[in-house]
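To keep things clear, I will list the structure first and then write my remarks on it.
The values are calculated or read from the model by the stated rules, or taken from the named source; none is laboratory data. Owing to the predicted nature of the structure, the values given are computational and were not obtained by experimental measurement. Counting neighbours? That spans all protein chains shown, and the Cβs are built from the backbone with ideal geometry, glycine included.
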Amino acid sequence: MIMPQKKHKPINLSFDEVLTGIADENKPSPVEATARPFLKWAGGKRSILQELMDRLPKEYKTYYEPFLGGAALFFSIKPQDAYLSDVNFHLILTFRAVRDDVDRLITNLKIHASKHSAEYYTSARQRLSKEKDPTKLGALLIYLNKTCYNGLYRVNKSGEFNVPIGSYVSPAILDEENLRLASKALQGIEIIQHVFSRIKIAPKNFYYLDPPYHKTFDGYDSSRFGDKDHEELAAFCRRLDKAGSFFMISNSNNTFVKKLYDGFNIEKVQASRFLSCKGEQRGKETELIIRNY
């Protein structure tokens, strides 16, 4: 049986219109701008970001990041369902301020930028641990982070920020566009302050763990992060594995860490390290990426 051919309406386009149409079809769609970390953070993952991206699980349910830091991986993959947490109270309040009150945060940062000086920096450093308004606290932390020595976060045993001022001529205190992009990316995302061990474990979730590196960045907060904490983290990862979850952890390349994660997929990668206060710890370093998949 021969099927009748469908009749098509003639297309009355000029030669120029046809060429334009073809060009429009081949033109790549606009790429949506992606938020970047709005804080510099010791051990930040931007130098090995592609290595991490290449090793993500193909499919997972909820993204968990319990050592938040600058959140470079989160901002790069923009998961719709995510749970972000950290033990650092100042950091969590800052992320919440960016998510929930970015306009007022930007207003406060403009004030800090206009008043920046060595004297003003010292005053802001003293105010950080006393500030009760979450948005003002967030603006203070961003200001201090952009103007302090090497962009470090360090506190004394009393929990007071004690990094001296940096020697920047014109520090980039306010990046309004990026803060708004970050706020958009954080909408609907849970941001909670607690230790990593309190995170919910469930099958098919993905947990990216970026702890203070063993024997490198242990001055993260007033409680430190020592050998026992790393041992507890390794035990937590084994619980994740037993539950059918996916985990990926980055850490120092040393015998202690390798022994903790014996039996898992351990790979070496090269990373650039910029934020250490020790000159001999800057430059290219070999780090570990450890996975259970």
- Message: Exactly one of these conditions fails for PRO171: (1) in contact (Cβ under 8 Å) with a residue 40 or more places away in the chain; (2) part of a loop (DSSP other than H, G, I, E, B); (3) buried (at least 19 other Cβ atoms within 10 Å of the Cβ). Give me its number.
- Response: (3)
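Yes/no matrix, rows are residues, columns are (1) surrounded by fewer than 18 Cβ atoms within 10 Å (Cβ to Cβ); (2) assigned to a helix (DSSP H, G or I); (3) modelled with pLDDT of 95 or more:
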residue: LYS40; (1), (2), (3): no, no, no
residue: LYS61; (1), (2), (3): yes, no, yes
residue: LEU73; (1), (2), (3): no, yes, yes
residue: LEU84; (1), (2), (3): no, no, yes
residue: THR94; (1), (2), (3): no, yes, yes
residue: VAL98; (1), (2), (3): no, yes, yes
residue: LYS110; (1), (2), (3): yes, yes, yes
residue: ALA113; (1), (2), (3): yes, yes, yes
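For the stretch 254-282, give me the residue count where each residue is part of a loop (DSSP other than H, G, I, E, B) and modelled with pLDDT under 95.
Residues of the stretch 254-282 part of a loop (DSSP other than H, G, I, E, B): 254, 261-264, 274-278, 282.
Now drop any that are not modelled with pLDDT under 95, which leaves 274-278, 282.
Counting residues in the stretch 254-282 that are part of a loop (DSSP other than H, G, I, E, B) and modelled with pLDDT under 95 gives 6.
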- Quick one: count up the residues across the stretch 60-96 that are touching a residue at least 40 places away in the same chain (Cβ under 8 Å), farther than 20 Å from PHE225 by Cα and of a type in the set (D, E, K, R). 3
- Checklist (1) assigned by TED's automatic domain parsing to the domain that holds ASN108; (2) within 25 Å of ARG46 (Cα to Cα); (3) surrounded by 13 or more Cβ atoms within 10 Å (Cβ to Cβ) applied to GLU177, failing item: (3)
- Message: I'm trying to understand the selection: among the residues of the stretch 45-59, which are among the basic types (Lys, Arg) and assigned to a helix (DSSP H, G or I)?
- Response: ARG46
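Test TYR153 against the stated conditions and say whether it is in a loop (DSSP other than H, G, I, E, B) and within 17 Å of the chain's Cα centre (by Cα). First the steps, then the outcome.
On the way: in a loop (DSSP other than H, G, I, E, B): yes; within 17 Å of the chain's Cα centre (by Cα): yes.
So TYR153 passes the test.
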- Hey, can you tell me all the residues within the stretch 133-170 that are of a type in the set (D, E, K, R) and within 17 Å of LEU91 (Cβ to Cβ)? ASP133, LYS136, LYS146, ARG154, GLU160
- All positions within the stretch 196-232 that are hydrophobic (A, V, I, L, M, F, W, C), in a loop (DSSP other than H, G, I, E, B) and either modelled with pLDDT under 95 or closer than 23 Å to LYS157 by Cβ (or both): PHE217, PHE225
